[in-house]
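Down below is the structure, laid out as structure tokens.
The values are calculated or read from the model by the stated rules, or taken from the named source; none is laboratory data. Since the structure is predicted, the reported quantities are computational estimates derived from the model, not experimental observations. Reconstructed Cβ throughout: ideal geometry from the backbone, glycine too, with neighbour counts over all protein chains shown. Accessible surface areas use protein heavy atoms only, side chains included; no ligands, DNA or RNA. Shrake-Rupley method; radii C 1.70, N 1.55, O 1.52, S 1.80 Å.
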Amino acid sequence: MNKKLLALAVGAAFALPVVASAQPTLYGKIDVSLENDDNGATDQWNVVSNESFVGIKGEADTNVDGLKAIYKGAWYIAADDGSVGPFQTHEIYVGLQGGFGTLMAGNMDTPTQLVQGKVDQFDGTSIDMANLVGGELNAPNIVAYASPKIADTVTVTVALWQGEGATLDGDVAEGIGDAVSASVVYENEGLYLGLGFDMDTPHGALGSYGVDVGDDKQDIIRLVAGYTTDSWEAGFLYQMVEDAGGGNGEDVSMLLSGAYKTGDWKFKAQYAATEGDASGFERTLMAIGADYALGKSTTAYAFY
């Protein structure tokens, strides 16, 4: 599929954490923009609710020394036409946290999705990289483990997806770890390096926004690098998505991003592309934008 899109957007994002009591914490974000979309067939202005959500999170002590329970629940909301109901799940999970790391169970973003870090300068907007890069998955029925920071720099995360009777490429998934997502992240003095890996990810069941390379299952390798200073940000992502159901081709994606910060301003640019041998999916994104911090929790922005 080849598609050309010209878009000009102006908007504002507002996020304010509120402590309802000692526990839990109420948090969220409302992000609304006014956008002009010209895709060749139509040229119109739209009020767009971007990744807006509301949630609660918290922790509770246990009777075991050094061990606490954690929980989080977040739901998408639509600030434009109300088309997204107030309880469309974003993430809901519960877990245990201690010196051994964190063990979680529920519905959550996969480690491969999260390994992107902050390389997507337009994350959460209508030109989020999820429009052309596969693997941006929020997964149900997950059990996940995240290690504590090793040597204060490295974190390892592994998530197992239980199929619970789903049919994947003709096979009924009834075991533990019918699909696996894992990541390794290194962070030190502004340098960010990440490796994400998905095996037998059930594309349809996990609801990818991006590339569909097979009937049900896909394998993903994602490499990410970023570097941040007080004034500059640079990011790189390279990804391969392969049909795990016996297909022969792979889809390759690449993203380059950068930003310059001065005072309350942040000027940014991004290039991303996907070419698909397996899916026949091809798309390129070039974008520039500017953010202006109106306060600690409020931002006005524009992009083209």
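Looking only at the range 20-56, count how many residues are of a type in the set (Ser, Thr, Tyr) and exposed (fewer than 14 other Cβ atoms within 10 Å of the Cβ).
Of the residues in that region, 2 qualify.
Do you know which residues across the range 127-140 are part of a loop (DSSP other than H, G, I, E, B) and at pLDDT 90 or above?
Correct list: ILE127, ASP128.
Against the condition in contact (Cβ under 8 Å) with a residue 12 or more places away in the chain and surrounded by fewer than 16 Cβ atoms within 10 Å (Cβ to Cβ), how does GLU59 come out, does it pass?
yes
Give me the residue from the range 259-300 that is touching a residue at least 40 places away in the same chain (Cβ under 8 Å) and within 17 Å of GLU233 (Cα to Cα) and, out of that set, most open to solvent (accessible area, probe 1.4 Å).
ALA269
List the number of the failed condition for VAL143; all other conditions in (1) in contact with a Pro (Cβ under 6 Å, 6 or more places away or on another chain); (2) within 22 Å of GLY194 (Cβ to Cβ); (3) of a type in the set (Val, Ile, Thr) hold.
VAL143 satisfies all of (1) in contact with a Pro (Cβ under 6 Å, 6 or more places away or on another chain); (2) within 22 Å of GLY194 (Cβ to Cβ); (3) of a type in the set (Val, Ile, Thr) except (1).
Considering each of ALA69, ALA74 in turn, give the residue that is over 24 Å from ALA12 (Cβ atoms) and in contact with an Asp or Glu (Cβ under 7 Å, 6 or more places away or on another chain).
ALA69
When both residues are 6+ apart or on different chains and their Cβ atoms are under 6 Å apart, which pairs have a first residue that lies in the range 172-190 and is open to solvent by 30 Å² or more (accessible area, probe 1.4 Å), and a second that is modelled with pLDDT under 80?
Listed by first residue and then by second, the contacts come to ASP178/GLY163.
Here are some conditions: (1) surrounded by 22 or more Cβ atoms within 10 Å (Cβ to Cβ); (2) at pLDDT 90 or above; (3) outside any loop (DSSP other than H, G, I, E, B). VAL119 meets all but one. Which one does it not meet?
Only one criterion in (1) surrounded by 22 or more Cβ atoms within 10 Å (Cβ to Cβ); (2) at pLDDT 90 or above; (3) outside any loop (DSSP other than H, G, I, E, B) is unmet by VAL119, namely (3).
SER147 fails exactly one of the following numbered conditions: (1) in contact with a strand residue (DSSP E or B) (Cβ under 6 Å, 6 or more places away or on another chain); (2) under 24 Å from SER33 (Cα atoms). What is the number of that condition?
The single condition SER147 does not satisfy is (2).
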